[in-house]
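Encoded as structure tokens, the structure appears first; notes follow it.
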Amino acid sequence: MAKKIINYNYIFLFYDIADEFSDVGKYRLAKVFKICKQYLKHHQNSVFRGSITPSNQIELQFKLKKVIDKNLDFVTIIKVLNTGAFDEVTIGINKKEVESIFI
């Protein structure tokens, strides 16, 4: 049976960098933020989201793996297959201009 190819075109990325108050932690935090900003829109604190090509997603993951400390930090990527599989509700003030996921 042929392997089904799935292209994820929208992702949510969450991260938590340990020791963010130490010099080493601040460096990793700044690097992770900068890398994510190259590919996605900053949504809130350590949350990014946006449309992304499969090749850019691979690049993003590769760059993040080189920066984080796998024993202390974590990055979670949630992949959305299509706009029909997702709904969003925001309660309270929206601090940033938000990209619509229904593109």
Inset, instruction - Would you mind telling me which numbered condition in (1) at pLDDT 70 or above; (2) within 15 Å of the chain's Cα centre (by Cα); (3) among the aliphatic types (A, V, I, L, M) VAL24 fails? - result: (2)
Inset, instruction - Mind listing just one residue for me: the one in region 36-62 that is over 16 Å from ASN9 (Cα atoms) and of a type in the set (A, V, I, L, M, F, W, C) and, of those, surrounded by the most Cβ atoms within 10 Å (Cβ to Cβ)? - result: VAL47
Legend entry - Pair list, Cβ under 7 Å, 6 or more apart: region 21-36 residue of a type outside the set (Val, Ile, Thr), other residue assigned to a helix (DSSP H, G or I): ARG28/VAL67; LYS31/VAL67
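Residue by residue, here is whether (1) modelled with pLDDT of 95 or more; (2) within 11 Å of the chain's Cα centre (by Cα) holds:
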{"residue": "TYR39", "(1), (2)": "yes, yes"}
{"residue": "ASN45", "(1), (2)": "no, no"}
{"residue": "ARG49", "(1), (2)": "no, yes"}
{"residue": "ILE52", "(1), (2)": "no, yes"}
{"residue": "LEU64", "(1), (2)": "yes, yes"}
{"residue": "PHE74", "(1), (2)": "no, no"}
{"residue": "THR83", "(1), (2)": "no, no"}
{"residue": "ILE91", "(1), (2)": "no, no"}
{"residue": "VAL98", "(1), (2)": "no, no"}
Legend entry - Failed condition for ASP69, given (1) at positive phi; (2) in contact (Cβ under 8 Å) with a residue 40 or more places away in the chain: (1)
Legend entry - Scope region 62-76; condition under 13 Å from TYR39 (Cα atoms) and touching a strand residue (DSSP E or B) at 6+ places or on another chain (Cβ under 7 Å); matching residues: LEU64
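Look through region 71-84, keep the residues that are in contact with a helix residue (DSSP H, G or I) (Cβ under 9 Å, 6 or more places away or on another chain) and outside any loop (DSSP other than H, G, I, E, B), and return whichever of them is surrounded by the most Cβ atoms within 10 Å (Cβ to Cβ).
In this case the residue turns out to be VAL75.
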Inset, instruction - Working only within region 50-70, note down all residues that are outside any strand (DSSP E or B) and in contact with a Lys or Arg (Cβ under 7 Å, 6 or more places away or on another chain). - result: VAL67, ILE68, ASP69
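The values are calculated or read from the model by the stated rules, or taken from the named source; none is laboratory data. Predicted model only: the values in this text are computed from it and were never measured. With ideal geometry, Cβ positions are generated from the backbone for all residues, glycine too; neighbour counts draw on all protein chains shown.
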